[in-house]
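Below you'll find the structure, written out as structure tokens, and then a few comments.
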Amino acid sequence: AQNGETTTYESIAKEFGFPDKGNQLGMTLSPILGGIWEWCSQRGQPQLTVIVVRKSGADEGMPGRGFWSMFGENFAASLDQEQKKAMTTILQRQVFDYYRM
């Protein structure tokens with residue numbers, strides 16, 4: 001965050017020796033990222049987890065489903081791909097600005 005850069009789910013998993021593919025990746029990182037989400041929320045800080053993004057596919061460069069579900073299923077379902085991209089950009093900028101202070 002201090003460098004103004006994103007990272008991928010796979011990079012984090014590899015760094016810590018976790019499974020870096022498929023369902024195992026999600027099952028391992030989801031509780032950890034959920035805990036970080038809660039920590040940020042409790043302190044009124046920008047959601048640091050927004051800088052953890054997918055490395056390929058239609059959602060490349062964006063957080064995965066677990067990130068969006070933290071806002072609530074109805075909210076997540078109400079956003080289209082372009083809205084999610086725009087929101088990702090805004091939230092990432094908030095994180096980068098906050099951690100470069």
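A quick yes/no check of all residues on (1) in a loop (DSSP other than H, G, I, E, B); (2) more than 10 Å from the chain's Cα centre (by Cα); (3) of a type in the set (D, E, K, R):
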position	(1), (2), (3)
PHE67	no, no, no
PHE71	yes, yes, no
THR89	no, yes, no
GLN92	no, no, no
TYR98	no, yes, no
Item to complete: May I ask you to list the residues in the stretch 9-62 that are in a helix (DSSP H, G or I) and within 24 Å of ALA86 (Cβ to Cβ)?
Response: TYR9, LEU33, GLY34, ILE36, TRP37, CYS40, SER41, LEU48, THR49, VAL50, ILE51
Discussion item. Can you report the number of residues in the stretch 56-65 which are within 15 Å of the chain's Cα centre (by Cα) and over 17 Å from ALA1 (Cα atoms)?
Written reply: 5
Practice prompt. Residue by residue through the stretch 19-43, note down the ones that are of a type outside the set (S, T, N, Q) and open to solvent by 70 Å² or more (accessible area, probe 1.4 Å).
Written response: LYS21, MET27, PRO31, ILE32, GLU38, TRP39, ARG43
Discussion item. Condition first: of a type in the set (A, V, I, L, M), touching a helix residue (DSSP H, G or I) at 6+ places or on another chain (Cβ under 8 Å), open to solvent by less than 80 Å² (accessible area, probe 1.4 Å) and farther than 19 Å from MET27 by Cα. Now tell me which residues in the stretch 49-98 satisfy that.
Written reply: ALA76, LEU79, LEU91, VAL95
Item to complete: Return the only residue of LEU29, LEU33 being within 23 Å of ILE90 (Cα to Cα), free of Cβ contacts under 8 Å to residues at least 60 places away in the same chain and within 13 Å of the chain's Cα centre (by Cα).
Response: LEU33
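The values are calculated or read from the model by the stated rules, or taken from the named source; none is laboratory data. Nothing here was measured: the structure is a model prediction, and the numbers come from that model. Backbone-built Cβ (ideal geometry, glycine too); neighbour counts: all protein chains shown. These accessible areas exclude ligands, DNA and RNA; they are computed on the full protein's heavy atoms, side chains included. Shrake-Rupley method; radii C 1.70, N 1.55, O 1.52, S 1.80 Å.
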